[in-house]
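What follows is a single structure, written as structure tokens, with notes after it.
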Amino acid sequence: MNPVKAGPLVLVLLLSVLVAPAYAYLKLGVRVGTRTVSLQWNAFPIRYFITNRGAPGVDSAQFESVITRAFSTWNAVETSETSSQLVGFTAASPTSGDGMSVLGFASRPDLERVLAATNFIIDVTTGEIVESDIFFNTAFSWSVSPAGETGRHDLESIALHEIGHLLGLGHSAIGETEVVPGGRRVLAAEAAMFPIAFSPGSIADRTLKADDIAGLTDIYPNPATRRTRGSISGRVTKNGAGVLGAHVVAFNTRTSALVGGFTLSDDGSFTIAGLEAGPHVLRVEPLDDAEVDSFLDASMNVDLNFRVRFHDRVVVVPQGGGTRGVELRVVPK
Ligand SMILES: [Zn+2]
């Protein structure tokens, strides 16, 4: 069984709100009244501390270099604009709420399926992230070996995923799993933000995929990106009614990039942004490769009863614009 890379737990100052997904891949959002605001950093560089405690097999200097590398991987995405800066070491806990963003190890034997998790302090009126902490659970064995180590989870791979949360991304559903006793085994994942980790020893998740890049680019586009990338939006329907929680995947036939999104309202509407311009094949499928609540709020009435379907037309994404009104009709299983 593979432990999950935990979704973000959200700590909110002053107000209690539900976490609601906003658009594709997912972006994280909070519901404010009737609208959803995306979580995002407004000030760069993101300043973070790391704890001065290591874990078996990982000293604090090794931890620092792995975390710096994982941040750099996100910051290097050419179509987006993010930056980060290590402020220094701290003895503070990586779960505190003290105004400092802290990354470090924590002993959480109670969380026996959680490799790592990301917490936030946000301004709930604007969605601005003002603090985010990441802990890596010392109940698991960790590796910083360049080639990976049998039986140990690759710290850089999991850090890349958690820093994706810290930046405001939710989980991607672009992955295939099989059910095994006690959980699921990942067969393939085309997103660092897939919620379930590869088996210990794997270093496959040290790189970002097209879906991760589209998600980051949607939140933090650079000026050139606004002119070159585009979006697809529309609805998924079954017998004329909207389908909630359907996974829609756009496949770029020129670059083979796969980018996913979800229908997030009762009318079955979806938007996938941050796409490279060009022809795309669309596929819609039920969320069945991880627990539904890995992706969407447990209170959402997600529909899993429909068959995988390819759209009957190729959809062209225009540069700096969007193709709207695509209707994907599905039928019950
Ligand atoms: Zn996660």
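Restricting attention to segment 262-281, and to residues there that are touching a helix residue (DSSP H, G or I) at 6+ places or on another chain (Cβ under 7 Å) and of a type in the set (Gly, Ala, Ser), which single residue is surrounded by the fewest Cβ atoms within 10 Å (Cβ to Cβ)? Even if it seems obvious, please write down each step before you answer.
We begin by selecting, within segment 262-281, every residue touching a helix residue (DSSP H, G or I) at 6+ places or on another chain (Cβ under 7 Å); these are 273-275, 277.
In the following step, the residues that additionally are of a type in the set (Gly, Ala, Ser) were identified as 273-274, 277.
Details: ALA273: 23, GLY274: 27, ALA277: 16.
This residue is ALA277.
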### Query
Is it the case that VAL259 is under 24 Å from ARG184 (Cβ atoms), over 19 Å from the mean Cα position of the chain (by Cα) and surrounded by 16 or more Cβ atoms within 10 Å (Cβ to Cβ)?
no
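Yes or no, residue by residue, for (1) away from the ligand (no atom under 16 Å from the Cβ); (2) in a loop (DSSP other than H, G, I, E, B); (3) closer than 20 Å to LEU208 by Cβ; (4) not assigned by TED's automatic domain parsing to the domain that holds THR150:
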| residue | (1), (2), (3), (4) |
| --- | --- |
| THR36 | yes, no, no, no |
| PHE49 | yes, no, no, no |
| PHE63 | yes, no, no, no |
| ARG69 | yes, no, yes, no |
| THR82 | yes, yes, yes, no |
| GLY97 | yes, yes, no, no |
| VAL102 | yes, no, no, no |
| ASP110 | yes, yes, no, no |
| THR118 | no, no, yes, no |
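Filter segment 126-168 down to residues that are of a type in the set (Val, Ile, Thr) and in contact with a helix residue (DSSP H, G or I) (Cβ under 6 Å, 6 or more places away or on another chain), then give me how many there are. Please lay out each step first, then the result.
The first filter runs over segment 126-168 and keeps only residues of a type in the set (Val, Ile, Thr), leaving 126, 129-130, 134, 138, 144, 150, 158, 163.
Narrowing further to those that are in contact with a helix residue (DSSP H, G or I) (Cβ under 6 Å, 6 or more places away or on another chain): 134, 144, 163.
Qualifying residue count for the region: 3.
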### Task
Please indicate, with yes or no, whether at least one residue in segment 193-202 is modelled with pLDDT of 90 or more and either over 13 Å from the mean Cα position of the chain (by Cα) or more than 14 Å from the ligand (Cβ to nearest atom) (or both).
yes
### Task
Could you pull out the residue among VAL284, VAL315, VAL302 that is over 23 Å from ASP218 (Cα atoms) and surrounded by 13 or more Cβ atoms within 10 Å (Cβ to Cβ)?
VAL302
### Query
Within the bounds of segment 112-119, is there any residue that is over 20 Å from the mean Cα position of the chain (by Cα), surrounded by fewer than 17 Cβ atoms within 10 Å (Cβ to Cβ), under 19 Å from ILE158 (Cβ atoms) and modelled with pLDDT under 90?
yes
## Note on the structure
Within segment 145-174, residues more than 21 Å from SER83 (Cα to Cα) and crowded, with 19+ Cβ neighbours inside 10 Å come out as GLY148, HIS153, ASP154, HIS171, SER172, ALA173, ILE174
### Task
Tell me which residues, restricted to segment 120-174, are more than 16 Å from the ligand (Cβ to nearest atom), outside any loop (DSSP other than H, G, I, E, B) and under 17 Å from TRP41 (Cα atoms).
ILE121, ILE122, GLU128, VAL130, GLU131
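Those residues that are in contact with a His (Cβ under 6 Å, 6 or more places away or on another chain) and not small (Gly, Ala, Ser), I need them from segment 192-248; list them, please.
Of segment 192-248, the ones in contact with a His (Cβ under 6 Å, 6 or more places away or on another chain) are 192-193, 195, 200.
The answer is MET193, PRO195, PRO200.
The values are calculated or read from the model by the stated rules, or taken from the named source; none is laboratory data. Not measured: the values here are computed from a predicted model. When we count neighbours, we look across all protein chains shown, and the Cβ atoms used for this are built from the backbone with ideal geometry, even at glycine.
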